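I have placed the structure first, in the form of structure tokens, so that the comments after it can refer back to it.
The values are calculated or read from the model by the stated rules, or taken from the named source; none is laboratory data. Just so it is clear, the structure is predicted and the values come from calculations on it, not from any experiment. SASA here: full protein model, heavy atoms, side chains in, ligands and nucleic acids out. Shrake-Rupley method; radii C 1.70, N 1.55, O 1.52, S 1.80 Å.
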Amino acid sequence: MSDRLRRFFFSGLAVSVLSVTGCSTSSVFTSYTATMSPLIDGVKARKFDYALKALNKYRNSNDKILYLLERGRIAQIKDDIEVSMMDYAATIKAVRDREEKAIISVSDVGAQTSTFFTNDNTIPYQGDGYEKVFLYQFQAFNYLAKKDIEGAGVEVRRANLEQHLALEMHEKEVRKAEEKARQKSIETEQAYANLNAAYRTMDDIAGKVKNSFQNAYTFYLSGIVYELLNQPNDAYIDYKKAIEIFPDNTYLQRDIIRMAKELGMNQELNEYTSRYAAIRAEVANGGVDTNTGELIVLFENGFVPQKREIKVPIPTPNGFLAVAFPVYTAKLPDVEPLALSEPDRKDALGETEPLCYVQSLAVKSLKEKVPGMVVRHLLRSAAKTAFQYQAKDSAGIAGTILSSLYNIISERADLRSWLTLPRDVQIMRNHLSAGIHHLHLEHKASGAFSDVDVSVNQHGKTILRVIRTGSVLYTTAITF
């Protein structure tokens, strides 16, 4: 082959790779966190419309699932329920379309192929298991805001089903990665060891949860919805699931004992009262004033941390290569409770207690991806090495230099995740007299505070959802 033909061949190959990657997603060469960080700052500054407009241009991209998740959440913080419902509905449809595809489309083939030449960002975002659970749960909140309890019931059932499906999907992905490694005769043991060593700093945070697929917040909300639907047995089941995940929350302990008592579950009641002796006397003293209702506070605190990129040495047949992987570097902060009081009555209602560390779910989810990430990176390293040799044969030293530069530039970690989720979730549950209550909310850790009026019905339930973004508290009260 002549030099001219070699250069033509190499140029065509390079252009084809760049064209495939350039069309796939905006995150291939520019990290998702770089795109989202200014929008999150805008949300903290109450620039909701700016963020929603900026995200809207991605709603037909390969990463539309992720951008729609962000839009639905931001609209919900803004209290624009209709927009949030539409965006979450579009997300749910996009998730189902992707999951139910029986035949891989041409675009998917292109994405899977181009990842060998670029990075994981070329793979269309499908949503992590814990993110899909929150998708259905947050859609349930939209139905509750519209006083549609039946609709909320449908969504919490979907959220609970998703928790089960996510576990199955994780096990399937691990088996798939192991099978691909065997088929390609890839040695993964040393790569696993190196990556796990680099991820060791995340162990304490990931250790707060057993897996990323189940969280007590989702089960707790479904318990509330089932109580509103007058399905106490289903509520009791989900409260029990919640307390298995997060046994130290005293409000949840009270709910478990209350429900066991109401349903006549005497054996379980004895077990719970023995286990949670601190509140045994409180519940045993019995009765709740008949002129009261319940105030249920759901506090979503801050934003989940963002991933960062690190380079980890991975062994390949051509020696060790520094490969880009995502990592969480933020530490799990101390508990930052929300204090509630009623100044008119000079009454301190108490403080919220942790129920779910979303940060831990995100970290655990990343660690669960290690098998798949390692196999893809090893395959990619082999493909890029072959590409470099081919470039040398086709275009000599110039081809070697260009392909080496391309390999360096394209080595980017996948930093995509749902970034407007809360960092952690806390709850409080009290009985208040029927009527209007003027409440003062204060979050000392951030300096955020708010005054809100809530209505409590006799024998009813009032859900007060509080979302903190920076130093601002957004509140939504729904009375049943």
Checklist entry - Which sequence of L55, L349 reflects their accessible areas, 1.4 Å probe, from the largest down? => result L349, L55
Next on the checklist: I'd like the accessible area for H438: 1.4 Å probe, protein heavy atoms, all chains in place, Å² to the nearest 10.
Outcome noted: 80 Å²
Checklist entry - Mind listing the phi-derived Karplus ³J(HN,Hα) values for the stretch 320-327, rounded to whole Hz, using 6.51, -1.76 and 1.60 with θ = phi - 60°, and x for any glycine or proline? => result 7, 10, 7, 10, 7, 10, x, 8
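When only Cα pairs under 8 Å and 6 or more residues apart are kept, what is the percent relative contact order across the stretch 215-364?
Averaging sequence separation for qualifying contacts and normalising by length gives 18 percent for the stretch 215-364.
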Item to check | Derived scalar couplings ³J(HN,Hα) [the stretch 158-168; Karplus, 6.51 cos²θ - 1.76 cosθ + 1.60; whole Hz; x for Gly, Pro] | outcome: 5, 4, 5, 5, 5, 4, 6, 5, 5, 5, 4
Item to check | 3J(HN,Hα) from dihedral phi, the stretch 208-225, Karplus parametrisation 6.51/-1.76/1.60, rounded to Hz, x for glycine, proline | outcome: 6, 9, 6, 8, 8, 9, 10, 9, 5, 5, 5, 5, 5, 5, 5, x, 4, 4
Checklist entry - Amide H to amide H under 5 Å from K461: which residues, 5+ apart in sequence or cross-chain, H placed 1.01 Å off N in plane? => result E294, F480
Checklist entry - Taking Cα centroids, how far is the stretch 199-234 from the stretch 309-344 in Å? => result 21 Å
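Could you rank F303, F138, F320 by how accessible they are, 1.4 Å probe, largest area first?
Accessible-area ranking of F303, F138, F320, largest first: F320, F303, F138.
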Checklist entry - When we measure straight from the Cα of K57, which aspartates and glutamates land under 18 angstrom away, once same-chain ones fewer than 8 places off are left out? => result D49, E70, D87
Checklist entry - Going by the alpha-carbon gyration tensor, a ≥ b ≥ c the square roots of its eigenvalues, is the stretch 155-216 rounded (a/c under 1.5) or, if a/c is not under 1.5, prolate (a/b greater than b/c) versus oblate? => result oblate
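Where does each of R175, R376 land when they are ordered by accessible area, with a 1.4 Å probe and the largest first?
Working: R175 140, R376 80 Å².
So the residues, ranked largest to smallest area, are R175, R376.
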Checklist outcome for this item: Given backbone amide H placed at 1.01 Å from N, residues whose amide H is under 5 Å from that of L321, ignoring those fewer than 5 places away on the same chain, are I314, T316
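So what is the relative contact order for the stretch 119-260, in percent, with contacts set as C-alpha pairs under 8 Å and at least six apart? Could the numbers behind the result be given before it?
Details: 114 pairs, mean separation 33.2, N = 142.
Result for the stretch 119-260 is 23 percent.
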